[in-house]
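Everything on this sheet refers to the single structure shown next.
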Amino acid sequence: MTKKILKLQFIFLFFVAHIAAQQSQNANIRGFIYAKDNGEPVLFTNVYLKGTSYGATSDVNGYYSITKVPPGSYVLMVTYLGYDTLQENITVKAGEIVTKKVFLNKASVRLGAVEISAAKMERKTETQVSVNKITPKEINLVPSVGGEPDLAQYLQILPGVVFTGDQGGQLYIRGGSPVQNKVLLDGMIVYNPFHSIGLFSVFDADIIRNADIYTGGFGAEYGGRISSIMDIKTRDGNKKRISGKVSASPFVAKALLEGPLKKNSDEDRGSSSFVLSAKHSYLPQTSKAVYNYVDTAGLPFGFTDFYGKVSANSANGSKINLFGFNFRDNVTYKALSKLNWKSSGVGSNFILIPPSSATLIQGNFAFSKYGVEMLGQSDEKPRKSDINGFNAGLNFTYFFGLNEVQYGLDMLGFKTNFEFYNSVNQFISQTENTTELAGFVKVKFLGKKKKLILEPSFRAHYYASLANFSPEPRLSGKYNITNKIRFKFAGGLYSQNLISANSDRDVVNLFYGFLSGSDNLPARFTEEDGSVRDVKHKLQKANHIILGTEFDLTSNLELNVEAYQKNFTQLTNINRNKLYEDNANYATKPDALKKDFIIETGYARGLDFLLKYDYKRFYVWTVYSLTYVRRWDGIEKYAPHFDRRHNINIVTAYKFGKHTDWEVDLRWNFGSGFPFTQTQGFYEKLSFTNGINSNYTNQNGELGILYSSLNGGRLPDYHRLDITVKKRFEFSERSRMEVAAGVTNAYNRDNIFYFDRILYKRVNQLPLLPSLSANWTF
C-alpha cells in the first residue's frame, strides 16, 4: 500500500512539474473586459490572438485567461455583438504573466448581417449539461404580469420546471421540491426567493448580471441540495456617472439608483461604485379598484424589497463587493388571520488576481436569516419557523491552455427554530444548531482536437449535527460529433440536510419554513418490494443521470434534447399522521404514528425538448417537457401533487419600427392536470371531547370527508396566454422611457386553483388581468 501511495505521489509531482515547466517556457495573457460607458463587465466575450488558435471566452465577471502563449508579438482581438471590435498590439516574454484590462465601445453602426457569438464557441468547449444561462435580455422577452419583468416568471418557461399556481404557487424542478433547490445571491444563501403570490421573486431584474440555473447534474462546486441550483450574480453600479431607473404598474413600484464613488478610468487605476434598489407592492390597495372582479376585498398580497451593493476594483482587476438586502412579505386571506415572512442578510465576496500566478482566487462570506409566522383563525394553532446562519467559501481556479483545475472549501452554520401543530393537534417542535464543512475539486479536460470534454469532480461533505459524512463523485462530459451535433452526459451523487417545514403532500401551503435534518426518524424502512432495511443515515440523498444531444439546425436555430432520471434514495417529510409522543409510554406504538418525521423514496424521470431561434428582430423559445414523478412512503406509492405529465411553453418576441422601438412579447403555457385526491363520501364527524363519557346521541358533529386513494385523480388541463406590447421613447443618449401595455390570461381561461370540498365550490386562478406600466431610465 505504501509503495502505491509513493508511486501516485511521484506521478502527481511529475505532472505538476511538467505543467510548471511548460508555463515557464510560455506566457499568460489575462484580464477583464469592461463596457466603456458604465464600467460593467462584458460577459462571454471572444478574446483571441489574431491569426492564431490561442483564445478564450470571458466569464461572468468579464475575466479571461489565455495560457501557453509562445513568446512574441501579437494582436489581441476582442469581439462581441453590439460593441466595436477592439485590436491592441501586445508583446509577451517567456514565463511572463501579462494583465490587460480592455474597455469596449458600443457599436456606432449596427451590422445586422454579421454576428460573432461567444455562446456558439462555448457550446463546443463547455459541457453545459442541464444548465440555463440567463441574462436580463432574456428576462425582458417574457410577457410579465403587471408589466414588470421578473426572474420568477422567466424560470417558469425553463425545461423541466413546473409551476403549481398563480396564487401561492411554487417551482418544482425536475421532480424536486422547493426545499431541494439551492438559491445563491452573489454566493449568499437565500432561503425564500419568491413572494407568496408566486408571480414575483425577491430579486430586482434590473440588478441581475446573470443567473445560472442548474436543473440537475451540477458539478462538485455546488452542494447541500439534491435537485437544483440557482446561482444569481448581481451587477456593479455604474462606474462612470450617476444613473437610475423608476417604474410603476398596478402591481408594484420600483426605484434604482447607481453611480461611482470613485470614477472608472481606462487607464490602470482602480474604481468603486454603488447600486441601490427598492420595490414595493401596493396590490392590496390598487386591486380593489383595478381588479375588483377578482375579489372585492382586494388581492391579499403585499411585499417590500430593498437591496444595496458597494463594489471596489483595483488596478489589476481584483475586486471586493459588500452587499445587503431586506425582503418582507405579508398576506391576509379570508381563511386565515395573517401570514408574514421576512428575510435579510449582509455579505461580501471578492476576486483576487495574484500578480505572479495564473491562479484566479474567489471567496465569499455572508450571514442571512429568514422567519415566517402564520396566525390562524381563533380555533387554529399558530405556526412559526426561523432560520439564520452564515456561509463562507474559498475557490481557486488554475488555467493551463483550455483546461483548468478548480478546488475549494465551503463552510456553513445555521440555527433553526420550528413550532407546528399537525392535523390531529400534535405539537412538533425543533431547535437545532447545525454546521457543515465541505471540500471539492473539479478538473476540466479538453481533447487536442476539441472533440471530447470531460469534467470529473468530487465533493466531500460533512454534516456535523447528524455526524454524517457524504462522499459525492460527479462527472459531466460532451463529445462534439460534428461542428453542429454534440452528445453530452452528466451524473453524480447528492445530499442535503435541510428539510421543509411543510409536507410535500400539501397542495398549497403559504407557510414556507425550514428545519435542520432530524434524527427523530423511523429506525427501519419498508421498501416497495416488501424488504425492510435499517436507516443508516439521517440525510436526504439522490443520484442523477442525464443524457442529451445538441443540434445546430441553422446558424440561428438550435435544438437541445435531454433525458434524465433523479433517484431520491432517501427523503424526509413531516409526519402528518403523528398520534403519540415518542416516549416510553408509547414504546409499543409503530414509528409511523409517533415519530416527527417519516422517510420516503422516489424518482423523477423525463424528457425535455428546447427549440430556440434568435435572429435580428425575431426570437422564439419553445419548450416541451414530459415528466413522471413517484414517491413511496413505506406503505403506498403515489404521484405527488406537482407530477405534471405534459408541459409546453412557447415564447415569442418581435421588435419592429424604424428604430426598433416597438416590441411585442407573447407567452402561451399548457400544462396537463395535476394529481389530486378525490372525495369518496361524507359523514358526520363526532369529536368525542369527553372520551368514553361523551353522549353521541345528542352531540352535533362536523362534516367529515372520506377520501379516495392518495392523488388518484387528475385536475383539468391548464393553459394561459400572456401578451405585452412595449414602446420605447428616446429623449437623449442617456434618457429614455418605456411604456408597456399587457394582459395576463388574455382569453380569460378558467384554470382551477383548488376545489372547496366543504362548500362544494370551485376556486379558479387569476382571470384576465390587464395592466399598463411605465419606466424611465436616466
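The values are calculated or read from the model by the stated rules, or taken from the named source; none is laboratory data. These numbers come from a predicted model, not from an experiment. Here the Cβ positions follow ideal geometry from the backbone for every residue, glycine too, while neighbour counts run over all protein chains shown. Each accessible area value is taken on the protein alone, full model and side chains, heavy atoms only, with ligands, DNA and RNA left out. Shrake-Rupley method; radii C 1.70, N 1.55, O 1.52, S 1.80 Å.
If each of LEU437 and LYS50 carries a label point 7 Å out from its Cα toward its Cβ, how far apart are those two points in nm? The answer from the label model is 5.4 nm. The coefficient of translational diffusion for the range 194-258, derived via Stokes-Einstein from the alpha carbon Kirkwood radius under 10 °C and 1.306 mPa s, stands at 109 µm²/s. Could you give the length gained by full extension between ILE242 and ALA460, i.e. 0.36 nm per residue of separation minus their alpha carbon distance, to one decimal place? Length gained, ILE242 through ALA460: 73.9 nm. Checking the cross-link pairs LYS36/LYS309; LYS137/LYS450; LYS415/LYS442; LYS182/LYS442; LYS449/LYS478 against a 24 Å limit on the alpha carbon distance flags LYS137/LYS450; LYS415/LYS442 as lying beyond it.
Ranked from largest to smallest solvent-accessible area, with a 1.4 Å probe on the protein heavy atoms, THR125, THR332 come out as THR332, THR125. Label-to-label distance for LEU452 and LEU593 is 5.9 nm, based on points extended 7 Å past Cα in the beta-carbon direction.
This model, with +1 at the C-beta of Lys and Arg and -1 at the C-beta of Asp and Glu, gives the chain a dipole about its Cα centre of some 1800 debye.
Between the entries (i) 77, 77, 64; (ii) 100, 75, 47; (iii) 85, 65, 58, the label attached to Cα extents along the principal axes in Å calculated for this structure is (ii). Grouping the Cα pair distances of the range 565-634 into 5 Å bins from zero gives a pair-distance distribution of 4, 13, 14, 11, 10, 9, 8, 7, 6, 5, 4, 3, 2, 1, 0 percent in increasing distance order.
Which shape class, rounded, prolate or oblate, goes with the range 19-110 when its Cα gyration tensor gives a ≥ b ≥ c as root eigenvalues, a/c under 1.5 marks rounded, and past that a/b bigger than b/c marks prolate? Taking the square roots of the gyration eigenvalues as a ≥ b ≥ c, the range 19-110 is prolate. Only protein heavy atoms count here; on that basis, with a 1.4 Å probe, TRP668 has an accessible area of about 80 Å².
The solvent-accessible area of SER555, taken with every protein chain present and a 1.4 Å probe, is close to 80 Å². For the peptides 537-545, 659-667, residues were scored by their other Cβ atoms within 10 Å and the scores averaged per peptide; the highest-first order is 537-545, 659-667. For the range 649-764, the gyration tensor built on C-alpha atoms gives a prolate shape. Its axis ratio a/c (a ≥ b ≥ c) is at least 1.5, and a/b is the larger of a/b and b/c.
Entry for the range 342-409 at q = 0.11, 0.23, 0.24 Å⁻¹: log10 I(q)/I(0) = -0.49, -0.97, -1.01, Debye formula applied to identical alpha-carbon scatterers, no solvent contribution.
Span-like helix criteria (full DSSP H runs; alpha carbon extent of at least 15 Å along the helix axis; mean Kyte-Doolittle hydropathy of at least 0.5) are satisfied in the chain by 2-25. Projecting label points 7 angstrom from Cα along Cα→Cβ for ASP756 and TYR603 puts them 4.2 nm apart. For LYS541, the aspartates and glutamates whose Cα falls under 13 Å of its own Cα, not counting residues fewer than eight places away in the same chain, are GLU472, GLU600. Heavy-atom accessible area, probed at 1.4 angstrom with all protein chains present, ranks TYR654, TYR191 as TYR654, TYR191, highest first.
With the highest mean first, a sort of the peptides 393-406, 55-68 on other beta-carbon atoms found within 10 angstrom per residue produces 55-68, 393-406. On full extension, the segment bounded by LYS415 and ALA253 gains 54.9 nm, given 0.36 nm per residue less the C-alpha separation. Solvent-accessible surface of the chain, averaged per residue with a 1.4 angstrom probe and all protein chains in place: 44 square angstrom. Computed from the Cβ-Cβ distance with R0 of 45 Å, the FRET efficiency linking ASN483 to TYR282 stands at 0.30. Between LYS263 and GLU96, the contour length at 0.36 nm per residue exceeds the Cα-Cα span by 57.1 nm. Over all pairs of different C-alpha atoms, the range 403-467 has a mean inverse distance whose reciprocal, the Kirkwood radius, equals 15.6 Å.
Legend: distances between Cα atoms for LYS124/LYS726; LYS101/LYS233; LYS288/LYS338; LYS451/LYS566; pairs beyond 26 Å are LYS124/LYS726; LYS451/LYS566. Ranking VAL441, VAL346, VAL145 by solvent-accessible area of protein heavy atoms (1.4 Å probe, all protein chains present), from largest to smallest, gives VAL346, VAL441, VAL145. In this structure LEU409 has an accessible area near 110 Å², from a 1.4 Å probe over the protein heavy atoms.
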